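S.K.: Encoded as C-alpha cells, here's the structure I'll be asking about.
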Amino acid sequence: PVTSKVALRVNGQGHELDLDTRTTVLDMLREHLHLTGTKKGCDQGQCGACTVIINGRRINSCLSLAIMHEGDDITTIEGLGTPDKLHPMQAAFVKHDGYQCGYCTPGQICSSVAVLDEIRRGVPSHVTADLTAKPMLSADELRERMSGNICRCGAYSNIIDAITEVAG
Ligand code: FES
C-alpha cells in the first residue's frame, strides 16, 4: 500500500503517523491510536456514530481520509471529559437518560457540543428553508441540526432535553 506521513493533534496530544493513504480518520483513531470511544456504525456517512470535532467543526470521521488532516486538531469523546470529570454535555446525557444501548452516544455528544457552538457562531442549519434566519435554540432547530446522528434505540427526546439543558 502507498503510505504517507501525517502530523496532527488528538485531544491535545501530538501524533506523527505513517499511514496507508486510504486510512480514514475513524480507523486512524480506533486502530492506530486505540481511541475506541469513536464508534463505527455504517462506515459510509449515514449514521453519525463516528462524529468527532476537527478544528471546531463536527465531521463524520468515516468519510475523511486521515492524511488530509495534516496539522489539524481533533477532539474525540475521550478528549471531552473523563469519568471523574464529565463534560457538561456528558453529565446532561446521564441526567436525562440520553441513550439506551450507548453505541451512538459518543457521536451524539460530540455532535451536540459542536451544534451549540454552531448556533453560538450563527451558522445556519443546512436544511432550513430560510438560510438567512438567525439560529434559534428551539427543540425543532436542535432536532434538525442533530438529524445526522441516528439513535436506533430512539432516545431522541431525551437527547434534545440534554442539549437544551446545557444550552441554558
Ligand atoms: Fe460514519 Fe456511520 S460510521 S456515519
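S.K.: Mind checking whether some residue in segment 70-82 is over 18 Å from the mean Cα position of the chain (by Cα) and either surrounded by 13 or more Cβ atoms within 10 Å (Cβ to Cβ) or not assigned by TED's automatic domain parsing to the domain that holds ILE163 (or both)?
M.R.: Yes, the conditions are met somewhere in segment 70-82.
S.K.: If you go through segment 139-158, how many residues are among the small types (Gly, Ala, Ser), more than 16 Å from the ligand (Cβ to nearest atom) and surrounded by 14 or more Cβ atoms within 10 Å (Cβ to Cβ)?
M.R.: 1
S.K.: Here is a check on your reading of the model: is VAL94 outside any loop (DSSP other than H, G, I, E, B) and over 26 Å from HIS15 (Cα atoms)?
M.R.: The answer is yes for VAL94.
S.K.: I would also like to ask the following. Taking only segment 32-52 into account, find how many residues are surrounded by fewer than 23 Cβ atoms within 10 Å (Cβ to Cβ) and either within 14 Å of the ligand (Cβ to nearest atom) or in the same structural domain as VAL115 (by TED's automatic domain parsing) (or both).
M.R.: Looking only at that region, the number is 11.
Per-residue answers, yes or no, for (1) touching a Pro at 6+ places or on another chain (Cβ under 7 Å); (2) modelled with pLDDT of 95 or more:
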residue	(1), (2)
GLU78	no, yes
PRO83	no, no
PHE93	no, yes
GLY98	no, yes
THR105	no, yes
SER112	no, yes
ARG121	no, no
PRO124	yes, no
VAL127	no, no
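The values are calculated or read from the model by the stated rules, or taken from the named source; none is laboratory data. Bear in mind that the values here come from a model prediction, so they are computed numbers and not experimental data. Neighbour counts run over all protein chains shown; Cβ positions are idealised from the backbone, glycine included.
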